[in-house]
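This report refers to the structure that appears directly beneath it.
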């Protein structure tokens, strides 16, 4: 069952950390996402608040945390947040509640003492929160599948959330350079001529991800309700795609066209923080197959969706920038919990630290085409930037940035932080 609303979601709550009250901030006091950062040479866990990071180990060392909150804080001493994902849900919730209390305006926190435990984000290096134990990338957008196939999605895509097991070792945090990969592809398409060369059709995919806090034994599936309980928190995902390599090699499925890099936002926004933004799952039309029994859950149909506005911005090396995608997570054909449950439906074991991605989050609108393949390859269009330059595919020096905002009437919107990468020539080191 999704987490219920509590005092940490109170829209009237503000923080004495002024930057956390700015309307445009991703990190108001209602968010409090977890991350890993380096400052002064040390790597440790932190919580984002406005333009600052709460240094959790320092707070714990000052004896400001006890009980369940202290249990979760001990899991954030670095150099990975993997122990935090394995901590009890009660302890993680207690830690988040304690931060909300200490840093709220009019709260019990000693501002002079706590101010010394804030690190400006601008002075810190944001790191991968943990190395994924496994990475699965789904394909759960009806509109993406329909556009790429130029037809009604196949029966399988309407009957189950399609996915492939990706390369966990190439998942990296925002800001990691995107080295253009080389590989085999047919050029020009349909010519029968194959060469090994730098990828000519480099693309992005605007996606969303969920980190798991636990798993299941080998051979034991999980229900949708159990899958909901396994979800720790979420991040933005850009599954960079080498389309020439991908299209040529895809006999068994994606391989080298996808495995060279996947970029994620470094902060984990907890499922608790996302509670106010839960909405109904996408309805099925009379022409679409009904939800299969093993993926049907009444609570998931009622609150399995999340209202998150997603955008992508493209900038060239001269700094000319254009927003090229506006989409919403709510448009996906399947919910996050259904993806997790399907991953384990054959008895495959899930583990704490697994990262599950949604695949391209495209919607029905033209500006909700969430990758260049939909815009350029199937749409026959080009991207125009304000300085007059155009793009069919990503060029060296381009920067692609994803953003996300969870929104709901009556609540303070929250974000996910940066998820960007700059394209570097073939052979550049990441």
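Run residue 153 past the list (1) closer than 20 Å to residue 330 by Cβ; (2) in contact with a strand residue (DSSP E or B) (Cβ under 7 Å, 6 or more places away or on another chain) and report the number of the one that doesn't hold.
Single failed check for residue 153: (2).
Quick check on this structure: which one of 52, 144 is surrounded by 22 or more Cβ atoms within 10 Å (Cβ to Cβ), in the same structural domain as residue 174 (by TED's automatic domain parsing) and either farther than 29 Å from residue 262 by Cα or touching a helix residue (DSSP H, G or I) at 6+ places or on another chain (Cβ under 8 Å) (or both)?
144
Show the residue pairs meeting these rules: Cβ distance below 7 Å; 6+ apart or different chains; first residue within the range 95-110 and assigned by TED's automatic domain parsing to the domain that holds residue 15 and more than 17 Å from residue 273 (Cβ to Cβ); second residue in a strand (DSSP E or B) and at pLDDT 95 or above.
Listed pairs, sorted by first residue: 105/15.
Of the conditions (1) assigned by TED's automatic domain parsing to the domain that holds residue 371; (2) at pLDDT 95 or above; (3) loosely packed, with under 14 Cβ neighbours inside 10 Å, residue 170 fails just one. Which one is it?
The single condition residue 170 does not satisfy is (3).
Among the residues of the range 342-375, which ones are in contact (Cβ under 8 Å) with a residue 40 or more places away in the chain, surrounded by fewer than 15 Cβ atoms within 10 Å (Cβ to Cβ) and over 22 Å from the mean Cα position of the chain (by Cα)?
346, 347
If we scan the range 376-384, do we find a residue that is crowded, with 21+ Cβ neighbours inside 10 Å and at pLDDT 95 or above?
no
Would the range 196-203 turn up any residue that is over 23 Å from residue 247 (Cβ atoms), in a strand (DSSP E or B) and touching a strand residue (DSSP E or B) at 6+ places or on another chain (Cβ under 8 Å)?
Looking through the range 196-203, none of the residues is over 23 Å from residue 247 (Cβ atoms), in a strand (DSSP E or B) and touching a strand residue (DSSP E or B) at 6+ places or on another chain (Cβ under 8 Å).
Could you pull out the residue among 175, 214 that is in contact (Cβ under 8 Å) with a residue 40 or more places away in the chain, assigned to a loop (DSSP other than H, G, I, E, B), farther than 29 Å from residue 142 by Cβ and in contact with a helix residue (DSSP H, G or I) (Cβ under 6 Å, 6 or more places away or on another chain)?
Of the residues listed, the single one that is in contact (Cβ under 8 Å) with a residue 40 or more places away in the chain, assigned to a loop (DSSP other than H, G, I, E, B), farther than 29 Å from residue 142 by Cβ and in contact with a helix residue (DSSP H, G or I) (Cβ under 6 Å, 6 or more places away or on another chain) is 214.
Looking at the range 1-38, which of the residues that are free of Cβ contacts under 8 Å to residues at least 40 places away in the same chain and more than 18 Å from residue 114 (Cβ to Cβ) is farthest from the chain's Cα centre (by Cα)?
Going residue by residue through the range 1-38, those that are free of Cβ contacts under 8 Å to residues at least 40 places away in the same chain are 10, 12, 18-19, 21-24.
From what's left, more than 18 Å from residue 114 (Cβ to Cβ): 10, 12, 22-24.
Details: 10: 24, 12: 27, 22: 23, 23: 22, 24: 19 Å.
For the range 1-38, the residue satisfying everything is 12.
Does residue 153 qualify as being touching a helix residue (DSSP H, G or I) at 6+ places or on another chain (Cβ under 6 Å), in a loop (DSSP other than H, G, I, E, B), outside the structural domain of residue 55 (by TED's automatic domain parsing) and free of Cβ contacts under 8 Å to residues at least 24 places away in the same chain?
It is true that residue 153 is touching a helix residue (DSSP H, G or I) at 6+ places or on another chain (Cβ under 6 Å), in a loop (DSSP other than H, G, I, E, B), outside the structural domain of residue 55 (by TED's automatic domain parsing) and free of Cβ contacts under 8 Å to residues at least 24 places away in the same chain.
Would you check if residue 74 is outside the structural domain of residue 411 (by TED's automatic domain parsing), surrounded by fewer than 22 Cβ atoms within 10 Å (Cβ to Cβ), farther than 21 Å from residue 123 by Cβ and under 26 Å from the mean Cα position of the chain (by Cα)?
Values: outside the structural domain of residue 411 (by TED's automatic domain parsing): yes; surrounded by fewer than 22 Cβ atoms within 10 Å (Cβ to Cβ): yes; farther than 21 Å from residue 123 by Cβ: yes; under 26 Å from the mean Cα position of the chain (by Cα): yes.
For residue 74, the condition - outside the structural domain of residue 411 (by TED's automatic domain parsing), surrounded by fewer than 22 Cβ atoms within 10 Å (Cβ to Cβ), farther than 21 Å from residue 123 by Cβ and under 26 Å from the mean Cα position of the chain (by Cα) - is met.
If you check residue 70 against the conditions, is it over 30 Å from residue 297 (Cα atoms) and touching a helix residue (DSSP H, G or I) at 6+ places or on another chain (Cβ under 9 Å)?
yes
This table checks each residue for (1) under 27 Å from residue 420 (Cβ atoms); (2) modelled with pLDDT of 95 or more; (3) touching a strand residue (DSSP E or B) at 6+ places or on another chain (Cβ under 9 Å); (4) loosely packed, with under 15 Cβ neighbours inside 10 Å.
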position: 247; (1), (2), (3), (4): yes, no, yes, no
position: 251; (1), (2), (3), (4): no, no, no, yes
position: 260; (1), (2), (3), (4): yes, yes, yes, no
position: 264; (1), (2), (3), (4): yes, yes, yes, no
position: 269; (1), (2), (3), (4): yes, yes, yes, no
position: 275; (1), (2), (3), (4): no, yes, no, no
position: 287; (1), (2), (3), (4): no, no, no, yes
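Hey, can you tell me all the residues within the range 1-41 that are within 20 Å of residue 229 (Cα to Cα) and out of contact with any helix residue (DSSP H, G or I) (no Cβ under 9 Å at 6 or more places or on another chain)?
If the condition is that a residue be within 20 Å of residue 229 (Cα to Cα) and out of contact with any helix residue (DSSP H, G or I) (no Cβ under 9 Å at 6 or more places or on another chain), then 33 is the only one that fits.
Taking the range 394-409, which residues are touching a helix residue (DSSP H, G or I) at 6+ places or on another chain (Cβ under 8 Å) and surrounded by fewer than 21 Cβ atoms within 10 Å (Cβ to Cβ)?
Of everything in the range 394-409, those that are touching a helix residue (DSSP H, G or I) at 6+ places or on another chain (Cβ under 8 Å) and surrounded by fewer than 21 Cβ atoms within 10 Å (Cβ to Cβ) turn out to be 407, 408.
It is to be established whether one or more residues within the range 302-319 are surrounded by fewer than 17 Cβ atoms within 10 Å (Cβ to Cβ) and within 26 Å of residue 134 (Cα to Cα).
Looking for residues that are surrounded by fewer than 17 Cβ atoms within 10 Å (Cβ to Cβ) and within 26 Å of residue 134 (Cα to Cα), one finds none in the range 302-319, hence no.
Name, by its number, the condition in (1) part of a strand (DSSP E or B); (2) out of contact with any helix residue (DSSP H, G or I) (no Cβ under 8 Å at 6 or more places or on another chain) that does not hold for residue 208.
The number of the failed condition is (2).
The values are calculated or read from the model by the stated rules, or taken from the named source; none is laboratory data. Bear in mind the structure is a predicted one, so any value in this text is a computation, not a measurement. Note: ideal-geometry Cβ built from the backbone for every residue, glycine included; neighbour counts use all protein chains shown.
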